[in-house]
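Data block below; observations after.
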Amino acid sequence: MKRKKVLVFRELPEDQLARLQAAHEVTVANPRIAEQRSAFEAALPEAQGLIGSSFPVDEALLARASKLEVISSVSVGVDNYAPAALHARGILLCHTPGVLDETVADTVFALLMATSRRVVELSSLVREGRWSKNIGEDLFGHDVHGKTLGLLGFGRIGQAIARRAALGFGMPVLFHARHAVDLAAHAPELLGRATHTPLDELLSRADIVVAMLPLSDSTRGMIDARVFGRMKPGAIFINGGRGATVQEPALLAALDQGTLRAAGLDVFATEPLPLDSPLRTHPRVTPLPHIGSATHETRHAMAELAVTNLLKALAGERPLAVYDTAFA
Ligand SMILES: NC(=O)C1=CN([C@@H]2O[C@H](COP(=O)(O)OP(=O)(O)OC[C@H]3O[C@@H](n4cnc5c(N)ncnc54)[C@H](O)[C@@H]3O)[C@@H](O)[C@H]2O)C=CC1
Ligand SMILES: O=C(O)C(=O)CO
């Protein structure tokens, strides 16, 4: 098979890079790193395949990549790409659904436990030498087990969160999604335990609201002052999807006005989170640096799937996971 030109725009594990190098001419250049930017720009016009993540591949960038056949994202979320432009040029977009579901659900649960039981705050109290007497009611947390979970987004990862909540913690699950989900066919273990619920009803009944939504035109800014205003007083909010689905000033107002007890955030509208963001130091926010899928096992599985997708696409075969840009 003819060797093609591949541009790797975010580092890959060595064994996965070797798979690419065995078949194609590979340039590794991360445009986020100033010293690598010119190598990235030099390789872009010749690249037939792009593989990486966490960098916006917008229309202007695509215009400089005239030979591009396929982009393989090492992520399931595809909000960094320009679907209409890709579709118009017939460029395939591949991604990594499925292999990260359980790991991301674990991260969301870690945030849910940490916020409800004030784990980070109380651990700091010990570390800073402020544990001088038995803690009193003012530092008690709230139970997780048995509480009602409201899920915004009930796709692959949302369902993995729902399984933990319903089967492990005895939590009734309410979910809001764009399409109804046939539980009998897709998640029979959740029959009778998870219920498709209109958004306002979900917000008024959930003790903990978890957003696990992709970022798209329909979800950008969707979690706004109205949504926070409909939540139960004292609710906890977790975002494991994308930061820009939330209007961050409205989130801060809900925290400061006491509607929300706490927020656990893995994702932010701007990442890395700017130093002057009030979300970084807010006493009732537990922030994480976008680590949903960041385990050794899962990041390797994502890289492996992304490389397989790219190799297949460049060989004219059907990749394992293609994102349908026609309906984005
Ligand atoms: N924090 C992290 O590290 C990670 C974040 N993510 C984010 O999570 C997202 C979800 O991943 P999956 O569960 O695999 O996606 P999926 O496509 O399986 O599920 C998406 C769900 O959101 C719902 N949805 C979409 N638009 C909606 C709207 N306008 N209103 C209501 N519901 C809507 C869909 O109906 C579906 O239930 C990814 O697109 C990515 O952005 C994914 C992996 C890791
Ligand atoms: O896969 C994604 O979309 C992420 O955000 C990181 O795993």
Item to check | Percentage, to the nearest whole number, of Cα pairs in segment 6-69 over 15 Å apart | outcome: 47 percent
Item to check | Peptides 117-127, 265-275, 230-240 ordered by average Cβ neighbours within 10 Å, highest first | outcome: 230-240, 265-275, 117-127
Item to check | Segments 22-30, 104-112, 69-77, 312-320 sorted - mean Cβ within 10 Å per residue, highest first | outcome: 69-77, 104-112, 22-30, 312-320
Item to check | Sequence ranges 61-68, 155-162, ranked by mean other-Cβ count within 10 angstrom, highest first | outcome: 155-162, 61-68
Checklist entry - One-quarter of the Cα convex hull surface for the chain, in nm²? => result 18.7 nm²
Checklist entry - In terms of modelled amide H atoms, which long-range or inter-chain residues lie less than 5 Å from the amide H of Ala235? => result Arg261
Checklist outcome for this item: With x for Gly and Pro, the residue-by-residue ³J(HN,Hα) of segment 215-226, computed from phi through the Karplus equation 6.51 cos²θ - 1.76 cosθ + 1.60 at θ = phi - 60° and given in whole Hz, is 8, 8, 4, 7, 10, 4, x, 5, 8, 10, 4, 4
Checklist entry - Classify segment 98-148: rounded, prolate or oblate, from the alpha-carbon gyration tensor (a ≥ b ≥ c, eigenvalue square roots; a/c under 1.5 rounded; otherwise prolate if a/b is larger than b/c)? => result oblate
Checklist outcome for this item: For the chain, averaging the sequence separation of alpha carbon pairs under 8 Å that lie six or more residues apart and dividing by its residue count, the contact order in percent is 19 percent
Next on the checklist: Show me the three semi-axes of the equivalent ellipsoid for segment 185-287, from the C-alpha gyration tensor (sqrt of 5 times each eigenvalue), largest first, rounded to whole Å.
Outcome noted: 24, 16, 13
Checklist entry - Which whole-number percent is the relative contact order of segment 1-110 (Cα, under 8 Å, 6+ apart)? => result 22 percent
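Rule-based calculations on the coordinates, nothing more; no lab input. Please read all numbers here as calculations on a predicted model, not as lab measurements. Heads up, the Cβs are rebuilt from the backbone with ideal geometry, glycines too, and the neighbour counts pull from every protein chain shown.
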